[in-house]
1. Could you tell me whether any residue of region 194-213 is part of a helix (DSSP H, G or I), modelled with pLDDT of 75 or more, in contact with a helix residue (DSSP H, G or I) (Cβ under 8 Å, 6 or more places away or on another chain) and of a type in the set (A, V, I, L, M)?
2. Which residue out of G29, G8 is surrounded by 15 or more Cβ atoms within 10 Å (Cβ to Cβ), under 24 Å from Y149 (Cα atoms) and free of Cβ contacts under 8 Å to residues at least 24 places away in the same chain?
3. Among the residues of region 35-51, are any out of contact with any Ser or Thr (no Cβ under 6 Å at 6 or more places or on another chain), over 25 Å from V180 (Cα atoms) and modelled with pLDDT under 95?
4. Would you pick out the residues in region 1-49 that are within 15 Å of the chain's Cα centre (by Cα), of a type in the set (V, I, T) and either farther than 30 Å from A121 by Cα or in a loop (DSSP other than H, G, I, E, B) (or both)?
5. Pick from region 52-82 the residues that are small (G, A, S) and exposed (fewer than 13 other Cβ atoms within 10 Å of the Cβ): which of them is modelled with the lowest pLDDT?
6. Consider region 37-60. How many of its residues are more than 19 Å from S92 (Cβ to Cβ), in contact (Cβ under 8 Å) with a residue 24 or more places away in the chain and among the aliphatic types (A, V, I, L, M)?
7. Could you count how many residues in region 136-155 are of a type in the set (G, A, S) and either touching a Lys or Arg at 6+ places or on another chain (Cβ under 7 Å) or at pLDDT below 90 (or both)?
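The values are calculated or read from the model by the stated rules, or taken from the named source; none is laboratory data. The model shown is predicted, which means the values in this text are computed figures rather than measured ones. Note that we place each Cβ from the backbone using ideal geometry, even for glycine, and neighbour counts take in every protein chain shown.
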Amino acid sequence: MYYLDLIGTLAFAIAGAFKAKSRGLNIFGVVFLGIITAVGGGTFRDLIIGRAPLFYLEDSNYLLVAIAGGILTFTIPHIFKKGYSWFRFLDSIGLAAFVIIGASVTHKHLFADYSDWSVIAFLASVFMGMVTGFGGGVIRDAIMGDTPYAFKQESTYITATFIGAFAFYVLMFLDINLAVLVSFLLTMVWREVVSKYGLCRRVLKNTCGFKLGFDFLKKLV
């Protein structure tokens with residue numbers, strides 16, 4: 001779970017820094033917005049559930065990874081410009097990871113004594129999983145003067161985070177490893193297969209045998 005969290009941090013830092021770089025910001029702006037994107041959702045979560053100290057103040061690896069992601073993106077931006085769908089794929093990885101971490105941390109911090117399912121634990125854990133996933137992007141977009149992408153009609157952020165958090169919470173009582181795997185896969189599938197902006201759709205949309213399936217999925221979203 002820890003390494004999954006760091007992977008998500010790096011992915012979101014790259015995503016946030018890429019958007020900042022596309023606006024022509026200097027390296028300080030790029031790195032700052034990369035950090036905001038990477039730790040913003042977790043900051044929201046920790047403040048709301050009363051978890052102290054904030055996770056990146058307790059473990060500096062999060063900040064170091066976020067800074068490294070921002071510097072990397074500023075220094076080698078052409079990697080992502082040549083294939084935007086691959087950049088988006090990294091963003092989906094971060095989203096899937098953060099949803100799991102957010103729901104897990106919330107349940108552990110607030111409901112450690114709950115061994116069985118409860119409505120309040122379910123609602124809080126799922127919601128905080130969602131917030132951890134898209135909260136950083138909302139802060140980044142607000143700072144940049146944009147409407148948060150997560151709230152736009154074409155975005156699949158909200159649906160993907162709900163599906164991932166829901167699956168994780170339900171399955172974690174059965175087997176934590178199964179919960180992580182299923183949640184991660186469901187979030188990724190919704191973002192990269194079901195969504196019309198996903199990587200798989202872009203690669204396979206003109207492939208014989210997949211067109212009808214993608215047309216059907218398009219109607220769902």
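1. yes
2. Residue meeting the stated conditions: G29.
3. No.
4. The one that is within 15 Å of the chain's Cα centre (by Cα), of a type in the set (V, I, T) and either farther than 30 Å from A121 by Cα or in a loop (DSSP other than H, G, I, E, B) (or both): I14.
5. A52
6. Residues flagged as more than 19 Å from S92 (Cβ to Cβ), in contact (Cβ under 8 Å) with a residue 24 or more places away in the chain and among the aliphatic types (A, V, I, L, M) within region 37-60 amount to 2.
7. Within region 136-155, residues that are of a type in the set (G, A, S) and either touching a Lys or Arg at 6+ places or on another chain (Cβ under 7 Å) or at pLDDT below 90 (or both) number 2.
Yes/no matrix, rows are residues, columns are (1) buried (at least 20 other Cβ atoms within 10 Å of the Cβ); (2) farther than 23 Å from I49 by Cα:
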| position | (1), (2) |
| --- | --- |
| A112 | no, no |
| V119 | no, no |
| V126 | yes, no |
| G129 | yes, no |
| G145 | no, yes |
| Y149 | no, yes |
| E154 | no, yes |
| T159 | no, no |
